[in-house]
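Input: a single structure, listed below in structure tokens.
The values are calculated or read from the model by the stated rules, or taken from the named source; none is laboratory data. The shown structure was predicted, so the numbers you read here are calculated from the model rather than taken from an experiment. As a convention, Cβ positions derive from the backbone with ideal geometry for all residues, glycine included, and neighbour counts pool all protein chains shown.
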Amino acid sequence: MLINAASRHMFTPKRKQPKPELTEAEMAGILDVVTPYSMVHESGIRFTIEQTIACIKQGLPGVLMECGTWRGGCSVAMLLAQRRAFGKVLRPVFMLDSFEGLPKPMEAEASTRRCRQRSSSSTNSLR
């Protein structure tokens, strides 16, 4: 049994380990491509890139998604980051947008907002 396990280990090809992170030059290259297509600040795009790589490295299940895509800059950043870090796209990226802006709040949401505003103003008056 022990010999069998050891021999399997010897002949199992080693998986290529992903790079721990992108170099600054790789990060800058992605930012140059996607910044014109995003309303997200550069720091937010960097965070998105870092978290995309981290989620895949940790083996978290699921897909990647951008809600409110505008022109898709963050989605493209997630795709390019995967290609740079792993050599290929491992997780699909879904882009969701209403193409009409945000809907008007429903009455229930409006009343909740009014309650929060009253609560906030009463807390501020105590200070």
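Looking only at segment 40-49, decide whether some residue is of a type in the set (Lys, Arg), under 18 Å from residue 26 (Cβ atoms) and either in contact with a Phe, Trp or Tyr (Cβ under 9 Å, 6 or more places away or on another chain) or at pLDDT 95 or above (or both). Explain how you work it out, then say what you get.
If we filter segment 40-49 for residues that are of a type in the set (Lys, Arg), which is where we start, we get 46.
Now drop any that are not under 18 Å from residue 26 (Cβ atoms), which leaves 46.
Within this subset, residues satisfying the condition of being either in contact with a Phe, Trp or Tyr (Cβ under 9 Å, 6 or more places away or on another chain) or at pLDDT 95 or above (or both) are 46.
Looking for residues that are of a type in the set (Lys, Arg), under 18 Å from residue 26 (Cβ atoms) and either in contact with a Phe, Trp or Tyr (Cβ under 9 Å, 6 or more places away or on another chain) or at pLDDT 95 or above (or both), one finds at least one in segment 40-49, hence yes.
If a residue has to be within 11 Å of the chain's Cα centre (by Cα) and either among the aromatic types (Phe, Trp, Tyr) or modelled with pLDDT under 95 (or both) to count, how many in segment 67-84 make the cut? Looking only at that region, the number is 1.
Being of a type in the set (Val, Ile, Thr) and surrounded by 21 or more Cβ atoms within 10 Å (Cβ to Cβ) is the filter; apply it to segment 31-47 and report the residue that is farthest from residue 72 (Cα to Cα). So, considering only residues that are of a type in the set (Val, Ile, Thr) and surrounded by 21 or more Cβ atoms within 10 Å (Cβ to Cβ), the one farthest from residue 72 (Cα to Cα) is 45.
If you check residue 27 against the conditions, is it of a type outside the set (Phe, Trp, Tyr) and either outside any helix (DSSP H, G or I) or on the phi > 0 side of the Ramachandran plot (or both)? Considered against the rule, which asks whether it is of a type outside the set (Phe, Trp, Tyr) and either outside any helix (DSSP H, G or I) or on the phi > 0 side of the Ramachandran plot (or both), residue 27 comes out as no.
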